[in-house]
1. With θ set to phi - 60°, apply the Karplus curve 6.51 cos²θ - 1.76 cosθ + 1.60 along segment 52-61 and write out the HN-Hα couplings as whole Hz, x wherever there is a Gly or Pro.
2. Report, by chain and number, residues whose modeled amide H sits under 5 Å from the one on L41, excluding near sequence neighbours (fewer than 5 apart, same chain).
3. Net charge within 13 Å of R64 by Cβ-Cβ distance, Lys/Arg positive one each and Asp/Glu negative one each, not counting R64 itself?
Amino acid sequence: MNNSLTVPFNKQLYENSGLKELFADNPPQGDGFFNAHPPNLAILHEKPEHRTLLWMKAQGASNREIAYQSGYTEPWLSQLFRQPWAQEGWCNHH
């Protein structure tokens, strides 16, 4: 009897999303946001409000301040700011 559980494939996980491979050959240049880590979840589609949130972060607002003003949660904002496309945008405009 096999007791192992089969975990369904989750394309929202960063490792499964294709973003890692997409940015593997051309990682964001520069430092990006301070103390950035790879994301756990992939945000595959940029929305206009993401640019506003990234702008707030670039202006020095903390995740807590942005969460309070935007209604997004701090953990979700952390994942947003870890996305390679967000890091790349920051590096190109910093």
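Quick note: the coordinates plus some simple rules give every number you see, no bench work behind them. Just so we're clear, the structure is a prediction, and the values are computed from it rather than from any experiment. With ideal geometry, Cβ positions are generated from the backbone for all residues, glycine too; neighbour counts draw on all protein chains shown.
1. 5, 5, 5, 5, 4, 5, 5, 7, x, 6
2. Y14
3. On the way: positive: K57; negative: E65, E74.
For residues surrounding R64, the net value is -1.
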